[in-house]
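Worksheet for the structure shown next.
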Amino acid sequence: MSAFPEKKLNTMLAIMSELCKVLKKENSLLKQQRQSECSGLLDQKTNMSQAYEKAFAYFSEHPDVLKALPDPQKRLFKKAALTLNGLTEENARLLKINIEATSRLLGAIVQDVKEQSKNTSLYTPQGEVETDAGNPAALTFNQVL
């Protein structure tokens, strides 16, 4: 095997290893409900994923390089690929769970605000602003949202 494909193989294995480390860390943080700490991993995960895609593209175009590997190296790459796949699937599942939980929480908050606002209406049935002691009320709108 020439030096170029061997270097590509070593690079691919190193990228897979680093990506696994990032995914393990993020998965652990998600399980511990420490989502705020995950944002620091996003750039690292994105960069490693892009490097992995680039390395994978080379081997997709040159499958003969992988086929020519000795059996111990084939087993090593297969194990690394299975580990990465498992961590990726777990990461996707944990992210989906967190998104759904956040959505439910926001839905519950919105529903609670709607229920509370029914009891404290701002307008009278005639469409006039309801005030305390007949004083005009000032209204403001927050346009940030």
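The values are calculated or read from the model by the stated rules, or taken from the named source; none is laboratory data. Treat the numbers as computed from the prediction; the structure is a model and nothing was measured. Reconstructed Cβ throughout: ideal geometry from the backbone, glycine too, with neighbour counts over all protein chains shown.
Points worth noting:
- Criterion (surrounded by fewer than 10 Cβ atoms within 10 Å (Cβ to Cβ), free of Cβ contacts under 8 Å to residues at least 40 places away in the same chain and either part of a helix (DSSP H, G or I) or not hydroxyl-bearing (Ser, Thr, Tyr) (or both)) met by exactly one of LYS114, LYS96: LYS114
- Among (1) over 23 Å from the mean Cα position of the chain (by Cα); (2) at pLDDT below 90 - the single one GLY107 does not satisfy: (1)
- Search result, residues across segment 52-87 that are farther than 15 Å from ASN10 by Cβ, surrounded by 15 or more Cβ atoms within 10 Å (Cβ to Cβ) and of a type outside the set (Ser, Thr, Tyr): LEU84, LEU87
- ALA101 meets the conditions (1) exposed (fewer than 10 other Cβ atoms within 10 Å of the Cβ); (2) modelled with pLDDT of 80 or more; (3) of a type in the set (A, V, I, L, M, F, W, C) in every case but one. The failed one is (1).
- Selection count where residues are within 22 Å of HIS62 (Cα to Cα), small (Gly, Ala, Ser) and either at pLDDT below 90 or surrounded by 15 or more Cβ atoms within 10 Å (Cβ to Cβ) (or both), scope segment 1-44: 2
- Residue count, segment 110-129 (criterion: over 30 Å from ARG34 (Cα atoms) and at pLDDT 70 or above): 2
- Among (1) in contact (Cβ under 8 Å) with a residue 60 or more places away in the chain; (2) surrounded by 15 or more Cβ atoms within 10 Å (Cβ to Cβ) - the single one SER49 does not satisfy: (1)
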